[in-house]
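This report refers to the structure that appears directly beneath it.
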There are 2 protein chains.
Amino acid sequence: MVARKQNSTYTRNEKCIIDCDLTYAVYKIGGRWKLLILNKLESKKMRFSDLKKEFSYITERMLTLQLRALEQDGLVKRTVYAEVPPRVEYELTEMALELGPILKQLSDWGSKQRNQ
Amino acid sequence: MVARKQNSTYTRNEKCIIDCDLTYAVYKIGGRWKLLILNKLESKKMRFSDLKKEFSYITERMLTLQLRALEQDGLVKRTVYAEVPPRVEYELTEMALELGPILKQLSDWGSKQRNQ
DNA sequence: ACCATTACTTACATATTTGTACGTACCATA
DNA sequence: TATGGTACGTACAAATATGTAAGTAATGGT
(Lines give C-alpha, C1' and ligand atoms only; values in the text may rest on other atoms or scores of the structure.)
Protein backbone atom coordinates (compact mmCIF):
# COMPACT_ATOMS: atom_id res chain seq x y z
CA MET A 1 0.00 0.00 0.00
CA VAL A 2 3.07 2.14 0.26
CA ALA A 3 6.36 2.13 -1.64
CA ARG A 4 8.11 -1.21 -1.37
CA LYS A 5 11.80 -1.73 -0.91
CA GLN A 6 12.54 -3.58 -4.11
CA ASN A 7 15.49 -5.46 -2.77
CA SER A 8 14.49 -6.64 0.63
CA THR A 9 14.35 -10.36 1.23
CA TYR A 10 10.75 -9.77 2.10
CA THR A 11 9.93 -8.46 -1.34
CA ARG A 12 12.04 -11.01 -3.13
CA ASN A 13 10.32 -13.79 -1.27
CA GLU A 14 7.02 -12.46 -2.49
CA LYS A 15 7.94 -13.84 -5.88
CA CYS A 16 7.96 -17.35 -4.45
CA ILE A 17 4.43 -16.73 -3.34
CA ILE A 18 3.18 -15.29 -6.59
CA ASP A 19 4.60 -18.29 -8.41
CA CYS A 20 2.07 -20.66 -6.94
CA ASP A 21 -1.51 -20.31 -8.17
CA LEU A 22 -2.91 -20.96 -4.75
CA THR A 23 -0.82 -18.50 -2.81
CA TYR A 24 -1.25 -16.03 -5.66
CA ALA A 25 -5.00 -16.27 -5.23
CA VAL A 26 -4.92 -15.85 -1.50
CA TYR A 27 -2.50 -13.00 -1.88
CA LYS A 28 -5.14 -11.14 -3.87
CA ILE A 29 -7.67 -11.34 -1.10
CA GLY A 30 -5.16 -11.06 1.69
CA GLY A 31 -5.64 -7.48 2.84
CA ARG A 32 -7.13 -7.04 6.25
CA TRP A 33 -10.55 -5.85 5.11
CA LYS A 34 -10.79 -7.18 1.59
CA LEU A 35 -12.92 -10.21 2.27
CA LEU A 36 -15.42 -8.29 4.36
CA ILE A 37 -15.72 -5.77 1.57
CA LEU A 38 -16.07 -8.40 -1.13
CA ASN A 39 -18.67 -10.18 0.94
CA LYS A 40 -20.70 -7.03 1.36
CA LEU A 41 -20.53 -6.09 -2.28
CA GLU A 42 -21.74 -9.51 -3.31
CA SER A 43 -25.35 -8.66 -2.64
CA LYS A 44 -25.33 -5.14 -4.09
CA LYS A 45 -23.24 -2.34 -5.44
CA MET A 46 -22.44 0.30 -2.88
CA ARG A 47 -21.17 3.83 -2.54
CA PHE A 48 -18.05 4.67 -0.63
CA SER A 49 -20.12 6.27 2.09
CA ASP A 50 -22.31 3.17 2.34
CA LEU A 51 -19.28 1.02 2.95
CA LYS A 52 -18.03 3.54 5.44
CA LYS A 53 -21.27 3.33 7.36
CA GLU A 54 -21.34 -0.44 7.16
CA PHE A 55 -17.82 -0.81 8.47
CA SER A 56 -17.54 1.93 11.01
CA TYR A 57 -14.36 0.41 12.45
CA ILE A 58 -12.48 0.64 9.19
CA THR A 59 -10.86 4.00 8.69
CA GLU A 60 -11.44 5.91 5.50
CA ARG A 61 -7.84 5.54 4.59
CA MET A 62 -7.90 1.77 4.90
CA LEU A 63 -11.18 1.54 3.06
CA THR A 64 -9.69 3.51 0.21
CA LEU A 65 -6.50 1.45 0.15
CA GLN A 66 -8.28 -1.87 0.16
CA LEU A 67 -10.74 -0.79 -2.51
CA ARG A 68 -7.89 0.48 -4.67
CA ALA A 69 -6.07 -2.81 -4.34
CA LEU A 70 -9.18 -4.78 -5.19
CA GLU A 71 -9.72 -2.56 -8.19
CA GLN A 72 -6.14 -3.03 -9.34
CA ASP A 73 -6.56 -6.76 -9.07
CA GLY A 74 -9.72 -6.70 -11.12
CA LEU A 75 -12.04 -7.79 -8.35
CA VAL A 76 -13.96 -4.58 -7.98
CA LYS A 77 -15.23 -2.09 -10.51
CA ARG A 78 -15.25 1.57 -9.56
CA THR A 79 -17.62 4.00 -11.20
CA VAL A 80 -17.34 7.72 -10.66
CA TYR A 81 -20.27 9.99 -11.36
CA ALA A 82 -19.39 13.56 -12.22
CA GLU A 83 -21.58 15.16 -9.60
CA VAL A 84 -21.12 17.43 -6.64
CA PRO A 85 -20.84 16.20 -4.01
CA PRO A 86 -19.10 13.25 -5.66
CA ARG A 87 -20.69 9.86 -6.03
CA VAL A 88 -18.61 6.74 -6.49
CA GLU A 89 -19.99 3.26 -6.73
CA TYR A 90 -18.24 -0.02 -6.17
CA GLU A 91 -19.35 -3.39 -7.47
CA LEU A 92 -17.87 -6.83 -7.98
CA THR A 93 -16.43 -7.94 -11.27
CA GLU A 94 -17.17 -11.24 -12.96
CA MET A 95 -13.96 -12.65 -11.57
CA ALA A 96 -14.92 -11.76 -8.04
CA LEU A 97 -18.37 -13.23 -8.47
CA GLU A 98 -16.78 -16.53 -9.43
CA LEU A 99 -14.97 -16.43 -6.15
CA GLY A 100 -18.23 -16.31 -4.22
CA PRO A 101 -19.03 -20.03 -4.05
CA ILE A 102 -15.49 -20.86 -3.07
CA LEU A 103 -15.56 -18.35 -0.27
CA LYS A 104 -18.84 -19.83 0.87
CA GLN A 105 -17.14 -23.19 1.32
CA LEU A 106 -14.26 -21.58 3.14
CA SER A 107 -16.74 -19.89 5.41
CA ASP A 108 -18.44 -23.19 6.17
CA TRP A 109 -15.10 -24.72 6.90
CA GLY A 110 -14.32 -21.83 9.23
CA SER A 111 -17.56 -22.30 11.07
CA LYS A 112 -16.89 -25.97 11.49
CA GLN A 113 -13.34 -25.36 12.65
CA ARG A 114 -14.46 -22.81 15.16
CA ASN A 115 -16.74 -25.29 16.91
CA GLN A 116 -14.04 -27.71 17.90
CA MET B 1 4.21 -14.57 16.27
CA VAL B 2 5.44 -12.28 18.96
CA ALA B 3 3.73 -10.68 21.95
CA ARG B 4 0.75 -8.60 20.93
CA LYS B 5 -0.23 -5.28 22.40
CA GLN B 6 -3.62 -6.13 23.83
CA ASN B 7 -5.04 -2.68 23.49
CA SER B 8 -3.95 -1.46 20.13
CA THR B 9 -6.61 -0.67 17.60
CA TYR B 10 -4.92 -3.24 15.47
CA THR B 11 -5.53 -6.00 17.96
CA ARG B 12 -9.04 -4.86 18.79
CA ASN B 13 -9.93 -4.82 15.13
CA GLU B 14 -8.80 -8.40 14.91
CA LYS B 15 -11.91 -9.31 16.82
CA CYS B 16 -14.07 -7.98 13.99
CA ILE B 17 -12.22 -10.34 11.71
CA ILE B 18 -12.51 -13.38 13.92
CA ASP B 19 -16.22 -12.76 14.20
CA CYS B 20 -16.86 -13.66 10.61
CA ASP B 21 -16.52 -17.33 9.68
CA LEU B 22 -14.94 -16.48 6.37
CA THR B 23 -12.31 -14.10 7.61
CA TYR B 24 -11.72 -16.39 10.55
CA ALA B 25 -10.93 -19.21 8.16
CA VAL B 26 -8.62 -17.15 6.02
CA TYR B 27 -6.96 -15.80 9.12
CA LYS B 28 -5.97 -19.37 10.02
CA ILE B 29 -4.15 -19.89 6.77
CA GLY B 30 -2.94 -16.34 6.47
CA GLY B 31 0.70 -16.63 7.45
CA ARG B 32 3.19 -16.06 4.71
CA TRP B 33 4.25 -19.66 4.28
CA LYS B 34 1.35 -21.62 5.67
CA LEU B 35 -0.34 -22.53 2.43
CA LEU B 36 2.85 -23.74 0.83
CA ILE B 37 3.49 -25.91 3.84
CA LEU B 38 -0.03 -27.27 3.93
CA ASN B 39 0.14 -27.98 0.24
CA LYS B 40 3.34 -29.89 0.61
CA LEU B 41 2.15 -31.91 3.56
CA GLU B 42 -0.97 -32.94 1.70
CA SER B 43 0.84 -35.68 -0.17
CA LYS B 44 2.94 -37.01 2.68
CA LYS B 45 4.08 -36.46 6.21
CA MET B 46 7.47 -34.80 6.45
CA ARG B 47 10.25 -34.11 8.87
CA PHE B 48 11.34 -30.63 9.76
CA SER B 49 14.52 -31.08 7.81
CA ASP B 50 12.57 -32.25 4.76
CA LEU B 51 10.53 -29.09 4.80
CA LYS B 52 13.67 -27.07 5.25
CA LYS B 53 15.18 -28.67 2.20
CA GLU B 54 11.99 -28.27 0.20
CA PHE B 55 11.66 -24.58 1.02
CA SER B 56 15.20 -23.38 1.05
CA TYR B 57 14.08 -19.76 0.97
CA ILE B 58 12.13 -20.04 4.21
CA THR B 59 14.30 -19.49 7.23
CA GLU B 60 14.28 -22.00 10.05
CA ARG B 61 12.76 -19.47 12.34
CA MET B 62 9.86 -18.78 10.01
CA LEU B 63 9.35 -22.44 9.33
CA THR B 64 9.12 -23.08 13.04
CA LEU B 65 6.76 -20.20 13.65
CA GLN B 66 4.41 -21.15 10.85
CA LEU B 67 4.38 -24.79 11.86
CA ARG B 68 3.67 -23.83 15.46
CA ALA B 69 0.78 -21.65 14.40
CA LEU B 70 -0.63 -24.39 12.21
CA GLU B 71 -0.33 -26.81 15.08
CA GLN B 72 -2.05 -24.43 17.45
CA ASP B 73 -4.87 -24.05 14.99
CA GLY B 74 -5.27 -27.78 14.67
CA LEU B 75 -4.21 -28.00 11.06
CA VAL B 76 -1.00 -29.87 11.56
CA LYS B 77 -0.05 -32.69 13.88
CA ARG B 78 3.45 -32.76 15.27
CA THR B 79 5.07 -35.97 16.41
CA VAL B 80 8.34 -36.01 18.27
CA TYR B 81 10.41 -39.16 18.40
CA ALA B 82 12.69 -39.44 21.41
CA GLU B 83 15.86 -40.02 19.45
CA VAL B 84 19.18 -38.35 19.08
CA PRO B 85 19.52 -36.47 16.89
CA PRO B 86 15.87 -35.53 17.21
CA ARG B 87 13.23 -36.53 14.70
CA VAL B 88 10.02 -34.60 14.35
CA GLU B 89 7.33 -35.35 11.85
CA TYR B 90 4.57 -33.12 10.61
CA GLU B 91 1.34 -34.23 9.02
CA LEU B 92 -2.05 -32.76 8.24
CA THR B 93 -5.01 -33.20 10.52
CA GLU B 94 -8.48 -34.23 9.39
CA MET B 95 -9.53 -30.59 9.42
CA ALA B 96 -6.70 -29.60 7.13
CA LEU B 97 -7.47 -32.43 4.77
CA GLU B 98 -11.01 -31.15 4.41
CA LEU B 99 -9.52 -27.87 3.33
CA GLY B 100 -7.74 -29.51 0.42
CA PRO B 101 -10.54 -29.51 -2.16
CA ILE B 102 -11.41 -25.92 -1.36
CA LEU B 103 -7.85 -24.83 -1.81
CA LYS B 104 -7.78 -26.67 -5.12
CA GLN B 105 -10.64 -24.52 -6.34
CA LEU B 106 -8.94 -21.40 -5.09
CA SER B 107 -5.84 -22.46 -6.94
CA ASP B 108 -7.80 -22.92 -10.16
CA TRP B 109 -9.34 -19.51 -9.69
CA GLY B 110 -5.88 -18.08 -9.18
CA SER B 111 -4.62 -19.65 -12.33
CA LYS B 112 -7.56 -18.28 -14.28
CA GLN B 113 -7.16 -14.83 -12.79
CA ARG B 114 -3.52 -14.77 -13.61
CA ASN B 115 -4.16 -15.32 -17.30
CA GLN B 116 -6.16 -12.19 -17.83
C1' DA C 1 38.06 -34.37 23.72
C1' DC C 2 35.96 -32.93 19.40
C1' DC C 3 32.80 -32.76 15.77
C1' DA C 4 28.42 -33.56 13.36
C1' DT C 5 23.44 -33.83 13.21
C1' DT C 6 18.59 -32.27 14.21
C1' DA C 7 15.19 -29.27 15.60
C1' DC C 8 14.76 -25.85 17.46
C1' DT C 9 15.44 -20.81 20.48
C1' DT C 10 16.83 -16.15 21.34
C1' DA C 11 18.12 -11.34 20.63
C1' DC C 12 18.03 -8.11 17.46
C1' DA C 13 17.22 -5.49 12.96
C1' DT C 14 14.35 -4.41 9.11
C1' DA C 15 10.23 -4.16 6.29
C1' DT C 16 5.65 -3.71 5.77
C1' DT C 17 0.92 -2.93 7.25
C1' DT C 18 -2.31 -0.54 9.70
C1' DG C 19 -4.03 3.45 12.25
C1' DT C 20 -4.30 8.80 13.46
C1' DA C 21 -5.03 13.33 12.37
C1' DC C 22 -5.68 16.54 9.38
C1' DG C 23 -6.30 18.74 4.74
C1' DT C 24 -8.46 19.26 -0.09
C1' DA C 25 -11.79 20.21 -4.07
C1' DC C 26 -16.11 20.80 -5.67
C1' DC C 27 -20.52 23.31 -5.57
C1' DA C 28 -25.14 24.02 -3.32
C1' DT C 29 -27.56 26.05 0.17
C1' DA C 30 -28.30 29.01 4.32
C1' DT D 1 -19.56 34.66 3.54
C1' DA D 2 -19.89 30.50 5.91
C1' DT D 3 -21.08 25.76 6.17
C1' DG D 4 -21.92 21.05 4.72
C1' DG D 5 -21.44 16.73 2.22
C1' DT D 6 -18.56 13.26 -0.52
C1' DA D 7 -14.59 10.85 -1.58
C1' DC D 8 -10.69 10.99 -1.19
C1' DG D 9 -4.99 12.34 -0.20
C1' DT D 10 -0.89 13.01 2.79
C1' DA D 11 2.38 13.10 6.58
C1' DC D 12 3.33 10.80 10.34
C1' DA D 13 3.24 7.22 14.17
C1' DA D 14 2.46 2.69 15.97
C1' DA D 15 2.13 -2.16 15.61
C1' DT D 16 3.06 -6.37 13.66
C1' DA D 17 5.42 -9.67 10.58
C1' DT D 18 9.42 -11.20 8.68
C1' DG D 19 14.46 -11.85 8.26
C1' DT D 20 19.51 -12.32 10.25
C1' DA D 21 22.79 -14.26 13.02
C1' DA D 22 24.13 -16.87 16.45
C1' DG D 23 23.48 -20.27 20.09
C1' DT D 24 21.57 -24.70 22.52
C1' DA D 25 20.92 -29.79 24.00
C1' DA D 26 21.58 -34.39 23.40
C1' DT D 27 24.34 -38.23 21.91
C1' DG D 28 26.85 -41.14 18.58
C1' DG D 29 30.90 -41.58 16.07
C1' DT D 30 36.10 -40.52 15.41
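The values are calculated or read from the model by the stated rules, or taken from the named source; none is laboratory data. If you're wondering where the values come from, they're calculated on a predicted model, not measured in any experiment. Backbone-built Cβ (ideal geometry, glycine too); neighbour counts: all protein chains shown. The accessibility values were calculated without ligands, DNA or RNA, using every heavy atom of the protein model including side chains. Shrake-Rupley method; radii C 1.70, N 1.55, O 1.52, S 1.80 Å.
Are there any pairs with C-beta distances below 9 angstrom linking a residue in region A:48-71 that is free of Cβ contacts under 8 Å to residues at least 24 places away in the same chain to a residue that is among the acidic types (D, E) and near DNA strand C (Cβ under 7 Å from one of its atoms), with the two at least 6 apart or on different chains, and if so which?
Pairs found: A:K52/A:E60.
Return the total of residues in region B:76-103 being of a type outside the set (S, T, N, Q) and away from DNA strand D (no atom under 16 Å from the Cβ). Give the derivation first.
Step one: filter region B:76-103 for residues of a type outside the set (S, T, N, Q), giving B:76-78, B:80-92, B:94-103.
Pick out the ones that are also away from DNA strand D (no atom under 16 Å from the Cβ) and you get B:77-78, B:89-92, B:94-103.
Total satisfying the criteria: 16.
Provide a single number: the residues in region B:50-65 that are more than 7 Å from DNA strand D (Cβ to nearest atom) and among the polar types (S, T, N, Q).
2
Kindly indicate whether A:T64 is more than 8 Å from every other protein chain (Cβ to nearest Cβ), within 20 Å of B:D19 (Cβ to Cβ) and within 12 Å of DNA strand C (Cβ to nearest atom). Let's see the steps before the verdict.
Values: more than 8 Å from every other protein chain (Cβ to nearest Cβ): yes; within 20 Å of B:D19 (Cβ to Cβ): no; within 12 Å of DNA strand C (Cβ to nearest atom): yes.
No.
Against the conditions (1) within 14 Å of chain A (Cβ to nearest Cβ); (2) open to solvent by less than 50 Å² (accessible area, probe 1.4 Å), where does B:R32 fall short? Just the number, please.
Of the numbered conditions (1) within 14 Å of chain A (Cβ to nearest Cβ); (2) open to solvent by less than 50 Å² (accessible area, probe 1.4 Å), the odd one out for B:R32 is (2).
Does region A:1-15 hold any residues that are in a helix (DSSP H, G or I), open to solvent by 30 Å² or more (accessible area, probe 1.4 Å) and either more than 9 Å from DNA strand D (Cβ to nearest atom) or closer than 26 Å to B:L22 by Cβ (or both), and which are they? Spell out how you get there, then give the answer.
Applying the first criterion (in a helix (DSSP H, G or I)) to region A:1-15 yields A:9-15.
Restricting the remaining residues to those that are open to solvent by 30 Å² or more (accessible area, probe 1.4 Å) gives A:9-10, A:12, A:15.
Scanning region A:1-15 gives a single hit, A:K15.
If B:Y24 satisfies every condition in (1) of a type in the set (F, W, Y); (2) open to solvent by 60 Å² or more (accessible area, probe 1.4 Å); (3) more than 13 Å from DNA strand D (Cβ to nearest atom) but one, which is the exception?
(2)
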